[in-house]
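What follows is a single structure, written as structure tokens, with notes after it.
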Amino acid sequence: MKRSPLASAILWLVLIMGTAAFVFPLWWMAVVSLETPDRAEAAITGSAGIALFPPSPQLGNYADAVRETGSVPWWGFVDALANSVVVTVLVVLGTAVSSSAVGYALARLRFRGSRPVFLLMLGTMMLPGQVTMIPLFLLFRQFGWIDSILPLVVPAFFGNAFFIFMYRQFIAQIPESLVEAARVDGLGHVAIWWRIVLPLCRPVTAICAVFTFIGTWNDFLGPLIYLHSDESATLAVALNGFKNQYGGLEDVHLLMALSVLTMIPCIVLFIAAQKTFVEGLARGAVKG
Amino acid sequence: MATVTLTKVGKLYEGASGATVRAVEAVDLAIADGEFCVLVGPSGCGKSTTLRMIAGLEEISEGTLEIDGRRVNDLPAKDRDIAFVFQNYALYPHLTVAENIAFGLETRRAHRSAVVAALSGAGAARREESTRIQARVAEVSRTLGLDPLLARHPRELSGGQRQRVAVGRAIARDPKVFLFDEPLSNLDARLRIETRTELRMLHRRLKATIVYVTHDQEEAMTLADRLVVMHRGRVQQNASAQECYERPANRFVAGFIGTPPMNLVDGSAANGVFTANGAALAVPASIGTRPCALGFRPDRVRIVARGAAGSIAATIAAVERLGDRTDIALDSPWGRLVARVDADAARDAHEGDAVGFAFDAAHSHFFEPGECGARIVQG
């Protein structure tokens, strides 16, 4: 199908406008991160216009931002980065492993009450996180888990309703005969899940991993509630350190620089995983 | 290799309405070592369920199953030492052909390796085992002509090639019993016939015990040492293909085995004459006087001139020319009948022609009335 030049022009225009709307805040964040302290302050308070390019890019802002993060120069940043990485990796692993295992059980095992269990699990998706926040906090305090990463990480190993649902739907489409062939070949349920089902679920796992990664990496509220000391803070919480005690902003240029740094892994991961998403959709899952 | 013995095996299902459904009923079957046994019947006759019970993929509700004289009712599939070839092949999509063939061998190794590793310097034993598996995969792929495909994934193969890999995967394990569930039904007609011949040759070479399920009676007859015809969850006849064809045990088998199917007419016999719907023909007097069904094969029918002695008037409804022979469908007082005649004899036959038909009374069959009415033994 060939589009007329006019239609193409309109299409391009719409796409460019849409892209601009999404890209501008990021661009502006990058611009401010390169400004001098005074110009950044002015840009934030609105007393100066919005510049599309910084007149004299201050690359040193990035080094300053990294040094100023947390209470110990340099090491504050390394600490926060390490915390973020550990929490995120554990949460991604836990979510993918537990959700796919539960999804397999719900899709393939016939047991009394499997349907009510499935519905109950779907029901939990309707609960806003704020509702369970205080009970959970009290529970974890009983466990003595406050100011450790356990409250952030352990729940991930008990599955995520949405991803369990995704895995279940996907696994239900895998031909029964594949599972039966594996049984004849001598595999038990755990081995079937690990060696046959999980490799076939790659597209779902990619989606699960990327969304969980982004959600956890950027999560602010969870770490804020459970991690109180400076050394246990994640990057998202460390960013908050650039606010002063009255909630106002100091060193906006440094905040923006650290924000840019924090965002990079998400963008890289998303671009890398895009291929797997498309591949998974295009290959028509497991047909053939 | 091994014998397979089923004694009063049955399968009960919980139906949707809570009622109990009997899918398979009192199946008695003794399959000898190295025998090619084919279960055949229309869909829903219980043949696949029976096969899956032998495999251990379905629980056995009643009766006993023995492999090599050992009761295996409660043994899981993996411990029965069987190989199963699925209708859709069930190749693992994420593994290459070589990995698919080796998979069953690898998992069996994995069972042992923990013990082996604990007892000895595991490295050497593992390497030895890997070499053995590789050799086995090479041997199997040579047998089936899969060598050029070993590095490919199932999605890159044609239907026939996938089928071959599925068979290769079964052979590699060298199981006691091979179970095939309609393995040819996803292939096109030509490939099906080729593969059929290959399977037969493979069986001769491996001297394997095979239980094979199909709904295609022609495929069943060409492959089987022993033919087990099933209908409504029961075994209707258990005999050689030739026996089933020549002496069908009941009316169902008579109608199911043979293409085109046997002509079956409900009527009654008296004093050496069979009458149905006012039209009568002579039959052997030994049949006695009783209501019964008369059966005669299409190739025993003769087309004669209208009004000839000992014939019944009929009209040609359709002519199907198959080259060397011709199938003629006849409308008669006995209903729609099929005659299979020499192509030369039927050269002048046309749809709408008024003719008569007679049949070879010595080759007629008689059955009790009803769908599965038993064969009436003459004499």
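Okay, here's what the table says:
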| quantity | calculated |
| --- | --- |
| Under-5 Å amide H pairs with residue B:233, H placed in peptide plane, nonlocal only | B:46 |
| Among A:177, A:148, A:98: highest mean-square fluctuation, GNM of chain A, C-alpha pairs under 10 Å | A:177 |
| In sequence order, calculated HN-Hα J values of the range A:139-150 (Karplus, 6.51, -1.76, 1.60; Hz; x Gly/Pro) | 4, 5, 5, 4, 6, x, 9, 5, 6, 10, 7, 4 |
| Reduced Cα scattering model of the range B:9-75, Debye log10 I(q)/I(0), q = 0.11, 0.12, 0.18, 0.23 Å⁻¹ | -0.27, -0.33, -0.71, -1.10 |
| Residues listed by number, the range B:83-105, amide nitrogen under 18 Å from residue B:143 label point at 7 Å toward C-beta | B:83-86, B:97-105 |
| Lysines with Cα under 18 Å of residue B:47, excluding same-chain neighbours fewer than 8 positions away | B:8, B:11 |
| Per-residue Cβ neighbour rank within 10 angstrom, fewest leading, B:78, B:207, A:243 | B:207, A:243, B:78 |
| In the range A:109-201, the trypsin sites (Lys or Arg not before Pro) that fall in loop regions by DSSP, at most 11 other Cβ within 10 Å | A:110, A:112 |
| Sequence of B:66, B:156 once ranked by neighbouring C-beta atoms within 10 Å, starting from the fewest | B:156, B:66 |
| Gained length - residue B:128 relative to residue B:33, 0.36 nm times residue gap less alpha-carbon distance | 31.0 nm |
| Mean-position separation - Cα centroids, the range B:1-31 and the range B:353-375, in angstrom | 33 |
| Cα extents of the range A:155-212 along the three principal axes, largest first (Å) | 36, 21, 15 |
| Average projected area [Cα convex hull, the range B:28-112], square nanometres | 7.4 |
| Inter-centroid distance (Cα atoms) of the range A:60-109 relative to the range B:47-72, Å | 52 |
| Residues with amide H under 5 Å from that of residue B:209, placed H, sequence gap 5 or more | B:2, B:34, B:178 |
| Principal axis dimensions, largest first and in whole angstrom, of the range B:261-310 by Cα | 29, 26, 20 |
| Relative pair counts by distance (%), Cα atoms of the protein assembly as shown, 10 Å bins | 3, 11, 15, 16, 14, 12, 10, 7, 5, 3, 2, 0, 0 |
| Interchain or long-range residues, amide H under 5 Å from residue B:85's placed H | B:179, B:180, B:181 |
| Label-point gap, in nm, between residue A:225 and residue B:43 - each point 7 angstrom along Cα→Cβ | 5.3 |
| Values of log10 I(q)/I(0), in the order q = 0.13 Å⁻¹, for chain B under a Debye, Cα-only, solvent-free model | -1.08 |
| Neighbour-count ranking [beta-carbon atoms within 10 angstrom, fewest first] of B:127, B:162 | B:127, B:162 |
| Quarter of Cα convex hull surface for the range B:113-247, i.e. mean projection, nm² | 11.4 |
| 17 Å reach of a label modelled at residue B:374, 7 Å along Cα-to-Cβ, counting backbone N of the range B:251-277 | B:251-254 |
| Spin-label model distance (nm) - residue B:320 vs residue A:74, 7 Å beyond Cα toward Cβ | 8.9 |
| Distance between modelled label sites at residue B:343 and residue A:42, nm, 7 Å Cα→Cβ extension | 10.0 |
| Distance cut-off 17 Å, percentage of C-alpha pairs in the range A:6-113 lying past it | 74 |
| Rg over Rh, two decimals, the range B:235-379 (C-alpha only, Kirkwood Rh) | 0.97 |
| Relative contact order (%) - chain B, alpha-carbon pairs under 8 angstrom, separation at least six | 16 |
| Number of partner chain Cβ atoms within 10 Å, mean per residue of B:83-94 | 6 |
| Förster radius 45 Å - calculated FRET efficiency between residue B:204 and residue A:271, Cβ distance, rounded to 0.05 | 0.20 |
| Percent breakdown of C-alpha pair distances by 5 Å bin, ordered from the shortest bin, for chain A | 1, 5, 9, 11, 12, 13, 12, 11, 9, 7, 5, 3, 1, 0, 0 |
| Label-zone membership for the range B:1-36, site residue B:64, 7 angstrom Cα→C-beta point, backbone N under 20 Å | B:2-12, B:25-33 |
| Two-decimal log10 I(q)/I(0) for the range B:56-101, as the Debye equation yields it once each C-alpha is a single scatterer, q = 0.31 Å⁻¹ | -1.18 |
| Acute angle (nearest 10 degrees) that the helix B:122-144 long axis makes with the longest principal axis of chain B, alpha-carbon atoms | 30 |
| Tail fraction, Cα-Cα pairs, the range A:124-247, threshold 23 Å, whole percent | 50 |
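Coordinate-derived values only; no laboratory data. This one's a predicted model, so the numbers in the text were calculated from it and none came from an experiment. Positions of Cβ are backbone-derived with ideal geometry, glycine not excepted, and every protein chain shown enters the neighbour counts.
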